[in-house]
Amino acid sequence: MQYLETFVDTSRFAGTCYRAANWRMVGVTTGRTRQNKTMIPQAAPKAVWLYPLQTDFREALCAS
């Protein structure tokens, strides 16, 4: 399964253009950065958006 992935800073943007282009919001990050050594968030949480690159992505996700 292949997807495109992007992150949207929800404190500044709503992600309207991704929703209009049929991207799917799948969750929100914790606000930690790659260099963060502690569990304390250092950045604003971001929405995670995915865009499937296959037309039969639903069947592929539900297959056992």
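Laboratory data are not the source of any read-out in this text; all were calculated from the coordinates shown. A quick note: this is a predicted structure, and the numbers were derived from the prediction, not measured. Note: ideal-geometry Cβ built from the backbone for every residue, glycine included; neighbour counts use all protein chains shown.
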Residue satisfying condition, being touching a residue at least 40 places away in the same chain (Cβ under 8 Å) and hydroxyl-bearing (Ser, Thr, Tyr), within set Tyr51, Tyr18: Tyr51
Go through Val8, Val26, Val48 for me and flag whichever is in a strand (DSSP E or B), touching a Leu at 6+ places or on another chain (Cβ under 6 Å) and surrounded by 11 or more Cβ atoms within 10 Å (Cβ to Cβ). Val26
Can you report the number of residues in region 1-50 which are in contact with an Asp or Glu (Cβ under 8 Å, 6 or more places away or on another chain) and not aliphatic (A, V, I, L, M)? 2
